[in-house]
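One structure follows; several queries about it will come next.
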Amino acid sequence: MNLTAKSAPRAALVVTAVAASLGATLIMASSASAATTLGAAAEQTGRYYGTAVAAGKLNDSTYVNILNREFDMVTAENEMKWDATEPNRGQFTYTNGDRILNHALNNGKRVRGHALLWYQQQPGWAQNLGGSDLRNAMMNHVTQVATHYRGKIYAWDVVNEAFADGSSGGRRDSNLQRTGNDWIEAAFRAARAADPAAKLCYNDYNTDGVNAKSTGIYNMVRDFKARGVPIDCVGFQSHLTNSAPSDYQANLQRFADLGVDVQITELDISGSNQANAYAAVTRACLAVARCTGITVWGIRDSDSWRTGQNPLLFDSSGNKKAAYTSVLNALNAGGTTVTGTSTTTTTTTSTTTSTTTSTTTTTSTTNGPIPTGCTASVSLNSWTGGFVATVKVTAGSTALRGWRVTTSLPSGTTVTGAWSANRSGDTGTVNWTNVDYNGNVAAGQSTEFGFQGTGSGTGLNPTCVGS
């Protein structure tokens, strides 16, 4: 409910099936090439596998070791919410949110922002406002926080839990709702203006199956898409007991069919059927081409908001549970690849302490041992002394069987880590080649890899050669 209390190429088998409407690719991994961590296994089909993180636990070595090893997406549990980031009106503090974000970026992970507006966990001063005064405060909060993290956040939960439970399918009564029924739309427009590169999501609970609440949200998203309101994704919290609804996958698919990504954002499952239920949820996401990732709400059972229910993938001592194995096996079994859902926007934000730039450099090439056209573009998140670069490789009119990207690092810059690519060298001219699971790229489709480094990431100028 999102409350404060929780708040080996030889053996690889690749089967490609093109879905008529989505151009999806089905990837099936053999045991010889199976990934051994959740994040790596999810990346085989272009997805992420993330977790919620509390800043106060980043000094816990067991916690941090699991986080760094297993997950490739991070969500702050409470540190980016309204009460944490603006405790007094107009006075913003980002210390703990920045700590989580910097830990993630420094370890090659992306970040989901959670959450800009929510009827709970508002600071006391906001709870006492109403009408136009609250509306102005809301929009300023969205603008200021999204601007602070501009270019560093993969996706924002712009609005959280705005629909009521029960049979009405309508909005929840809250001080936010009482500022006018257009408040959600206004929040999404403000978030887009503040951070054009971030995906903008609506997030809620008890929406896992087709019911009145999920249908109310579905109708809102359909209306937003029809009118050009900027919404990119819908989050399904999925706090479950024993199993997901029988129409879980169908519900994800109907939202995806509206033209938005779907993400499982706060997954935890209690009960005796835990391992099977986790596997079923994972398979459902893998079956929907626009289900871009899964986040579990915490790492160990002792970190969960569901005290005593043991709903997570690691026990309180940090040992892998049967549910962990079921998820890893499901991810390695493969599914549809995520295709054709990303956009690149050029933005630059400077402060006294950091600079964030998202840029695109595209180079077409038809040279190489087996000439095939491809392009490469880079999105760069930088701060003082370091950066994370995400490189998109896009096939031309002919499918790729493999690719090589070359980047030029400035003097004094060193690559310190990378994912979803092999590399030769750490400084100067660095060549990147595909790994087992992302060399086959359908015509017109894309795959991504990334790396982090010390120094400056400017002037990478990626070029691509396909085969």
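The values are calculated or read from the model by the stated rules, or taken from the named source; none is laboratory data. Note that the structure is a prediction, hence the values are computed from the model and not measured. Glycine gets a Cβ as well: all are built from the backbone with ideal geometry, and neighbour counts include every protein chain shown. Note: accessible area is taken over every heavy atom of the protein model, side chains too, but ligands, DNA and RNA are not part of it. Shrake-Rupley method; radii C 1.70, N 1.55, O 1.52, S 1.80 Å.
Over region 38-334, with the other protein chains present, what is the accessible area per residue in square angstrom, probe 1.4 angstrom?
32
With r defined as the distance between the Cβ atoms of residue 182 and residue 287 and R0 fixed at 45 Å, what FRET efficiency is calculated, to the nearest 0.05?
Efficiency at R0 = 45 Å is approximately 0.80.
In whole percent, and with a 1.4 Å probe on the protein chains, what portion of the accessible area of region 38-334 is carbon and sulfur?
Result for region 38-334: 44 percent of the exposed heavy-atom area is carbon or sulfur.
If the cut-off is a Cα-Cα distance under 21 Å, which lysines reach residue 152, setting aside same-chain residues fewer than 8 apart in sequence?
Correct list for residue 152: 81, 109, 199, 392.
What are the extents of the Cα atoms of region 117-267 along their three principal axes, in Å, largest first?
43, 32, 30
Find the Rg to Rh ratio for region 26-181, where Rh is the Kirkwood radius over alpha-carbon pairs and Rg uses the same atoms.
When Rh is taken as the Kirkwood radius, the ratio is 1.06.
Suppose R0 equals 30 Å; then what is the FRET efficiency for residue 132 and residue 309 from their Cβ-Cβ distance, rounded to the nearest 0.05?
0.10
Hey, how many Å between the Cα centroid of region 237-258 and the Cα centroid of region 286-318?
About 16 Å separates the Cα centre of region 237-258 from the one of region 286-318.
Once you put a point 7 Å from the Cα of residue 60 and another 7 Å from the Cα of residue 258, both along the Cβ direction, what distance in nm separates them?
In this crude spin-label approximation the distance works out to 3.6 nm.
Which three semi-axes in whole Å describe the equivalent ellipsoid of region 375-466, each the square root of 5 times a Cα gyration tensor eigenvalue, listed largest first?
Working from the Cα gyration tensor, I get semi-axes of 24, 12, 11 Å.
222 nm [θ] for the chain, helices only, -39500 (n - 2.57) per DSSP H run of 4+, per residue, to 500?
About -7500 deg cm²/dmol.
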